[in-house]
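Have a look at the structure below before the remarks.
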């Protein structure tokens, strides 16, 4: 009996280590959930409370609380609201329709046909994802503004038009829709392409074998099988469009066009007078409800996921369709879109940054080339502060978002509890929150709490990290689920602590997922205009707000020069970070 006792005695230390790990795990779970609740539910609760209060003297949390329904009355019972809602609907639906038609057509050409130069076209379609939306909007304003837009001046000269304006006016809803649609194409294209690439062609070939035409197979087989992916991308991009501020402010504001997101911004950041945060909160709650509605449809479709299964043990790679005589036409259309959406705006932006004033793009104008705008911005201390703040924002927001996402995903995958689905839902909620709502809610929280972050770069960092927790958990949850739990258990049984197991086992295996998430959040953060505008002051300026402020101050060359600098820096960082994370461009 002595031998078994000795064995049991020798096995005791790992067991005690495991008990310590279990206790440490409880602390880890509690701390992680507390951080998640603070980041997600705290701002949401404050936003809802603010919408039911008279916030003239600020948000009140102690009695007597000035409860009121006047904010919703002012928001709902006004004739202007219905025009704003109609404009928001037209802008959103039109942008999504443009983006999905173009993205689906390009995806089919690249993934399912024998189109030549497919790798080059893929790269050029995705490349605009490195251009911030505010810069894209400014580029199109430089091209198509009704008075001295480069394209309008060129057409008036070529066609001999006697008018001093037109023929196009970018400051309208249709042009807002087109430019926003172009901004959505790279991400939408990637989402659809991933599904097309992984889908088997067995059912499509069966349709062709039965005598169906290519168009019939596309309409009755391919598109229905892609329904979950298309609807998922649609929901993701829907939230993006209804909350965007870049294009509505840069293109819509000069034309008197207002959407729901700009109403929230105007109420919380008035040109004159005090902010009406109660009205802004009411608009924010309405926008949140509008954004959450498509999720119901998406969840209904996902529940029927078995109906869309095409990848089985007998699946084969899709057969490429032969374009035949249509190949030159497809090449012209594909590269023509790339030229209009990426090359042309970039050329105009670069040219405008070297001209003392905006005019026609002619050989004579080349004699006016100057780099004074670049010398001015590089010698400006505000530019230096904005650049430093932008890098700090990107690095800190991505690290915080991915740290929280990894911790939450571990709880979702590894902790067995009936409340785990609620944690997953809570982590996903920021993904469905419009950025303008997160910005407003965060503003309320740190006006209320005695923490010295308002007016600093850290309030933008916290809001940005909150916005991307939902996206981060979508990446890390799948990554952790693919790692066998036995690897962690083996480390614990060998006497490793919880931190040692995480550092030496879990994180190395998750490295590709985490690096990819850091890349996505970093690039999205430094390009984001909505949150820096909602939370910005003179002390926490970043590159996106610096560009926006210069544009509306009338400094065209300075704005274009800043746009060129940020675009080049973003594209360079995209390539560098993708290669660093072993991702293929």
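The values are calculated or read from the model by the stated rules, or taken from the named source; none is laboratory data. The structure presented is a predicted model; accordingly, all values stated were derived computationally and were not measured. Methodologically, a virtual Cβ is constructed for each residue, glycine included, from the backbone with ideal geometry; neighbour enumeration extends over all protein chains shown.
From 243, 139, 195, which residue is at pLDDT below 75, in the same structural domain as residue 113 (by TED's automatic domain parsing) and surrounded by 15 or more Cβ atoms within 10 Å (Cβ to Cβ)? Selected residue: 195, the only one of 243, 139, 195 that is at pLDDT below 75, in the same structural domain as residue 113 (by TED's automatic domain parsing) and surrounded by 15 or more Cβ atoms within 10 Å (Cβ to Cβ). If I filter the range 525-546 for residues that are at pLDDT below 85, surrounded by fewer than 20 Cβ atoms within 10 Å (Cβ to Cβ), assigned to a helix (DSSP H, G or I) and at negative phi, do I get at least one hit? So far as the range 525-546 goes, no, none of its residues is at pLDDT below 85, surrounded by fewer than 20 Cβ atoms within 10 Å (Cβ to Cβ), assigned to a helix (DSSP H, G or I) and at negative phi.
Within the option set 91, 122, 98, 104, being modelled with pLDDT of 90 or more, closer than 14 Å to residue 186 by Cα and assigned to a helix (DSSP H, G or I) holds for one residue only, 98. Taking the range 348-434 and the helices (runs of 4 or more DSSP H) fully enclosed by it, the elements with 3 or more residues that are closer than 17 Å to residue 546 by Cβ are at 372-378, 381-414.
Looking at 123, 81, just one residue is out of contact with any helix residue (DSSP H, G or I) (no Cβ under 6 Å at 6 or more places or on another chain) and within 26 Å of residue 348 (Cβ to Cβ), and that residue is 123. Go through the residues of the range 47-58 one by one and say whether even a single one is in contact with a strand residue (DSSP E or B) (Cβ under 7 Å, 6 or more places away or on another chain), surrounded by fewer than 20 Cβ atoms within 10 Å (Cβ to Cβ) and part of a loop (DSSP other than H, G, I, E, B). Yes, because at least one residue in the range 47-58 is in contact with a strand residue (DSSP E or B) (Cβ under 7 Å, 6 or more places away or on another chain), surrounded by fewer than 20 Cβ atoms within 10 Å (Cβ to Cβ) and part of a loop (DSSP other than H, G, I, E, B). If the condition is being free of Cβ contacts under 8 Å to residues at least 40 places away in the same chain and either surrounded by 15 or more Cβ atoms within 10 Å (Cβ to Cβ) or farther than 23 Å from residue 540 by Cα (or both), then the range 401-453 contributes 403, 416, 417, 418, 419, 420, 421, 422, 425, 446, 453.
Which of the residues that make up the range 320-369 are modelled with pLDDT under 85, within 33 Å of the chain's Cα centre (by Cα) and surrounded by fewer than 17 Cβ atoms within 10 Å (Cβ to Cβ)? The one that is modelled with pLDDT under 85, within 33 Å of the chain's Cα centre (by Cα) and surrounded by fewer than 17 Cβ atoms within 10 Å (Cβ to Cβ): 320.
Considering the range 59-88, the residues that are touching a strand residue (DSSP E or B) at 6+ places or on another chain (Cβ under 9 Å) and not in a loop (DSSP other than H, G, I, E, B) include one that is surrounded by the most Cβ atoms within 10 Å (Cβ to Cβ), namely 71.
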